[in-house]
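Scroll down for the structure; my scribbles are underneath it.
Every number here is computed from the coordinates shown, using simple stated rules; none is lab data. As the structure is a computational prediction, the values presented were derived from the model and not from experiment. Here Cβ is always computed from backbone atoms with ideal geometry, including for glycine, and neighbour counts include all displayed protein chains.
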Amino acid sequence: MLVVEVANGRSLVWGAEAVQALRERLGVGGRTVGALPRGPRQNSRLGLPLLLMPEEARLLAEIGAVTLVSAPRPDPRQHSLALASFKRQQEQDFQEQSALAAEARETRRQELLEKIAEGQAAKKQRLEQESGSSGSQEAGGSQEAGGNQAPAENEASASQASGEHEEAGSSSPQPGPSDGVAPLPRSALLVQLATARPRPIKARPLDWRVQSKDWPHAGRPLHELRYSIYRDLWERGFFLSAAGKFGGDFLVYPGDPLRFHAHYIAQCWAPGDPIPLQDLVSAGRLGTSVKKTLLLCSPQPDGKVVYTSLQWASLQ
Amino acid sequence: MEPEPAEVEVPAGRVLSARELLAARSRSQKLPPRSHGPKDFLPDGSVAQAERLRQCREELWQLLAEERVERLGSLVAAEWRPEEGFVELKSPAGKFWQTMGFAEQGRQRLHPEEALYLLECGSIQLFHQDLPLSIQEAYQLLLTEDTMTFLQYQVFSHLKRLGYVVRRFQPSSILSPYERQLNLDGSALCLEDRNGKRKRRSSSSRSINKKAKALENPLQGVDETTESLTTSSPPPCNQNSRCPEEKPQESSPVKGPTGPSLLLGALEPWPGLANEGGGCSQQSGKVENGVKGVRKPRWNFEQISFPNMASDSRHTLLLAPAPELLPANVAGRETDAESWCQKLNQRKEKLSRREREQQAEAQRFREDVNADPEVQCCSSWQEYKQLLQRRHLQKSQSRPAHLWDQPVHPLLSPGQADSPATVLQHISVLQTTHLADGGT
């Protein structure tokens with residue numbers, strides 16, 4: 001059962017699995033609004049949190065796929081416990097990471113051993129070919145120098161592996177004695193900046209039928225209007241997303257927006273509302289210029305929704 | 001409205017194990033291309049389409065599921081202060097300090113939106129009551145209705161990701177329409193947008209030709225240059241060097257003023273500019289139709305960056321002067337005086353408590369001649385001399401003429417009075433009263 005937190009009328013989804021489930025199983029996309037961890041300084045692809053439109057959140061709650069809760073405040077009573085467990089966790093992490101780093105170093109050295117052995121053999125051969133005993137003395141000296149180099153490095157990150165390979169290639173480190181290496185320095189500890197809350201928390205469920213501070217949409221005519229149209233289109237199998245860019249209420253896709261272009265720009269009008277001609281004309285022109293059909297939607301009193309599509313035909 | 005009793009458990013987000021943390025370091029840093037081929041028109045249930053969709057989706061989930069992993073040593077520790085509404089840095093700031101944050105009482109601080117943006121970028125670790133905050137908790141705590149709303153933060157982060165330097169808006173820096181009408185101080189204020197955002201200046205290698213244009217029409221030129229002088233304000237070093245981390249906007253709509261703004265570097269070595277400035281201010285005085293009176297100075301000296309070797313606002317890159325200003329056989333060149341800075345002892349003097357108190361005492365009674373508003377009105381040395389002369393005259397004219405300028409007459413000559421009472425009576429110091437006479 002997915003849980004979505006709502007605060008000030010905004011529903012945010014913070015878990016990637018939840019986002020996946022919503023999109024794949026339920027056809028509700030939402031919009032990512034946060035920075036993407038891999039590239040936080042670009043705007044073309046954004047990351048978590050996912051912002052759901054109020055209509056999307058309400059639909060999910062209505063069909064029972066999701067529980068809406070009011071965004072919970074951290075409990076001050078739990079704070080000291082949380083702090084203690086965090087410190088413990090960090091210590092544990094540190095130990096584990098040191099162990100893993102040492103392990104990684106060991107395995108790397110083992111891997112390189114064969115290469116080193118090969119390299120040494122080749123070198124020896126070459127030196128013996130060139131000159132006699134003086135060559136083997138030099139090889140012995142370089143081995144010792146290499147052995148001192150290997151324990152000196154402390155870096156735990158795997159990105160150092162390439163650098164190490166170069167070092168191993170140039171000098172020939174011996175399989176060093178049981179490390180005697182310096183432990184992982186505190187500053188090299190890898191830390192996760194959690195996206196979602198790392199601890200479970202209790203929250204109060206939100207009733208979307210009732211107006212509250214966190215859900216001000218209940219009962220508002222505009223919201224009801226948009227929702228009825230959203231629901232109807234969703235039930236017909238379309239994928240909907242916000243259409244602020246195109247001057248409409250929704251963009252209607254025949255399938256997932258990742259692979260399909262939108263076909264319609266849906267504009268919601270209350271039945272009986274007069275539509276100013278200017279709005280019609282501007283909406284029509286906009287639709288034409290982006291190659292989408294304008295869809296005027298109106299829910300009827302009997303519950304059905306009536307659609308009118310507009311296409312600009314130039315009389316020339 | 002009573003709270004519902006049933007409590008729903010919100011599951012925790014993903015916490016990476018140590019192994020996963022190490023593995024995260026070796027993941028690719030490049031963003032994969034968005035779609036696999038052009039988009040299709042209609043879903044036709046084909047396997048190929050489904051496969052492409054699956055691939056796109058996989059990529060998306062993978063990207064979204066990645067967690068931020070950073071080395072503890074590269075994170076700046078910061079603490080959120082809810083009562084005060086800002087974030088205080090606990091360890092020294094990194095490169096972001098050049099464009100974000102503010103310093104108060106010697107401590108480095110960040111606004112909530114800046115802190116949140118840096119947290120999302122993975123540059124800082126935000127603590128609240130000693131617990132590090134996740135991004136979700138930070139959004140909840142820092143983005144409230146009274147500090148910064150979610151919508152404002154979205155705008156801020158969008159602009160920052162585009163590469164702009166975004167700062168809080170100061171309403172006092174904008175001229176009112178009336179002031180603008182009077183052209184009271186058309187030059188000394190900045191070109192900031194309504195939203196207080198200021199574009200990053202791109203490279204300082206723009207053409208030297210623009211300087212020549214400015215010389216040809218001095219009035220216009222001075223207006224532009226004085227505008228530009230102010231737009232080059234903090235920090236001046238950014239104008240002369242390009243910070244590679246922020247992407248500068250090349251095709252900027254602010255291109256007009258930006259061009260001459262780079263004249264700043266060249267203006268400093270020009271000796272004759274002060275006269276030019278004085279001359280032009282007189283011209284603009286005429287433009288104002290003789291509206292004289294208390295006028296703010298044309299030059300905002302706090303924002304003109306003179307070469308400065310001190311540590312407060314280091315400005316050591318001196319651009320070459322315009323060749324047309326130099327004599328024929330003299331070549332000007334650009335220097336960077338940074339190497340000299342290293343030879344100076346830049347360490348702050350550590351005064352003992354007593355010395356500090358003494359300094360404070362001395363400062364208290366010292367008057368700064370520049371703090372005098374009348375002196376600030378003077379826009380040239382000539383005017384200042386006139387002011388001094390006026391003051392001198394005033395001082396010398398403060399003696400009343402009837403007391404000081406007439407020949408001295410004694411109030412009483414020795415033969416006129418014979419007793420102290422009559423003397424006093426005569427010079428009217430005291431009126432004699434005769435208490436013995438019935439007391440009326």
Can you run the Rg to Rh ratio on segment B:378-424? Use alpha carbon positions and the Kirkwood inverse-distance Rh. 1.47
So what are the ³J(HN,Hα) numbers for segment B:382-398, from phi and the Karplus equation (6.51, -1.76, 1.60; θ = phi - 60°), rounded to whole Hz, Gly and Pro as x? 4, 5, 5, 4, 4, 4, 4, 5, 4, 5, 4, 4, 4, 4, 6, 8, 7
Neighbour counts of other C-beta atoms within 10 Å: give me A:ILE275, A:ILE116, A:ILE265 arranged from fewest to most. A:ILE275, A:ILE116, A:ILE265
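Kindly identify segment B:18-65 as rounded, prolate or oblate by the Cα gyration tensor criterion: order the square roots of the eigenvalues as a ≥ b ≥ c, call it rounded if a/c is under 1.5, otherwise compare a/b with b/c, prolate if a/b is larger, else oblate. Display every interim value, and only then the final one.
On the way: a/c = 4.35, a/b = 2.64, b/c = 1.65.
Prolate shape, in that a/c is at least 1.5 and a/b is the bigger ratio.
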Normalised convex hull volume, segment B:1-112, alpha-carbon set, Å³ per residue: 295
B:THR335's amide H: which non-local residues (gap 5+, or another chain) put their own amide H closer than 5 Å, with H modeled 1.01 Å from N in plane and none for Pro or chain starts? B:LEU318
Isotropic mean projected area of the C-alpha convex hull, segment B:72-168 (nm²): 6.0
Average partner chain C-beta neighbours within 10 Å, per residue of A:10-16? 4
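Counting other Cβ atoms within 10 Å, which GluC sites (Glu not before Pro) in segment B:350-440 have at most 11 and lie in a DSSP loop?
Details: sites: B:GLU355, B:GLU357, B:GLU361, B:GLU367, B:GLU374, B:GLU383; in loops: B:GLU367.
For GluC sites (Glu not before Pro) across segment B:350-440 that sit outside H, G, I, E and B with at most 11 neighbouring Cβ atoms in 10 Å, the list reads B:GLU367.
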Segment B:72-168 - share of DSSP beta bridges that are antiparallel (%, nearest 5): 75
Per residue of A:27-39, what is the mean number of Cβ atoms on other protein chains within 10 angstrom of that residue's Cβ? 5
Least to most buried among B:HIS128, B:HIS36, by other C-beta atoms within 10 Å and fewest first, runs B:HIS36, B:HIS128
Starting from the 7 Å offset along Cα-to-Cβ, what nm value, one decimal, do you get for the label separation of A:GLU91 and B:SER352? 4.6
Cα gyration tensor shape for segment A:220-309, rounded if a/c is under 1.5, else prolate or oblate: oblate
